[in-house]
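Right, one structure below, let's go through it.
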């Protein structure tokens, strides 16, 4: 019996990038804030490039608290959705053709979201990473950390709880 040949790495990368692109660009608020995601394997880093419209206090100047909270929540939701989608893509439950045709999996819904503003967000690019603490069939808990120049110097962090959508049956 012959072993199945593995797919070329470029094909796997294209499939994963297309899936991430589909879930990220399917949310208008993500586009409004200009958030992009950098994927390395299964790890995502959210990037919110600085724009003048994100300034809340022009006297300091500092990023608006709502823009920071939105950035953190988007990072949590996309990170959580990606962790579920990753498993389903790799196991073949979801086909890339489904995502290309616009059939997106349902996103987790926020139950609560608590933001800690640790220092002013400066007028520069911001980065964030989400860590899924628990992800079950119905409920998930996610922690997000945001920084600008140094990963060890956070300017905000958040913890959120989410209602998970029904998973695909495979």
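FYI, it's all coordinate maths here, none of it is from the lab. Since we're looking at a predicted model, the values are computed, not measured. Every residue, glycine among them, receives a Cβ derived from its backbone with ideal geometry; neighbour counts consider all protein chains shown.
Quick notes on this one:
- Between residue 118 and residue 53, the contour length at 0.36 nm per residue exceeds the alpha carbon distance by 21.3 nm.
- Compared with the direct C-alpha span, the chain from residue 87 to residue 11 gains 25.6 nm at full extension, assuming 0.36 nm per residue.
- Peptides 112-118, 46-52, 63-69 ranked from most to least packed, by the mean per-residue count of other Cβ atoms within 10 Å: 63-69, 46-52, 112-118.
- Relative contact order [Cα under 8 Å, 6+ residues apart], the chain, whole percent: 23 percent
- Cβ-based exposure ranking for 32, 37, 71, 162, in which fewest neighbours within 10 Å come first: 32, 37, 162, 71
- Computed [θ] at 222 nm, helices only, for the chain once each DSSP H run of length n ≥ 4 contributes -39500 (n - 2.57): -10000 deg cm²/dmol
- Neighbour-count ranking [beta-carbon atoms within 10 angstrom, fewest first] of 82, 147: 147, 82
- Estimated distance in nm for a label pair at residue 32 and residue 152, the labels positioned 7 Å out from Cα along Cα-to-Cβ: 3.7 nm
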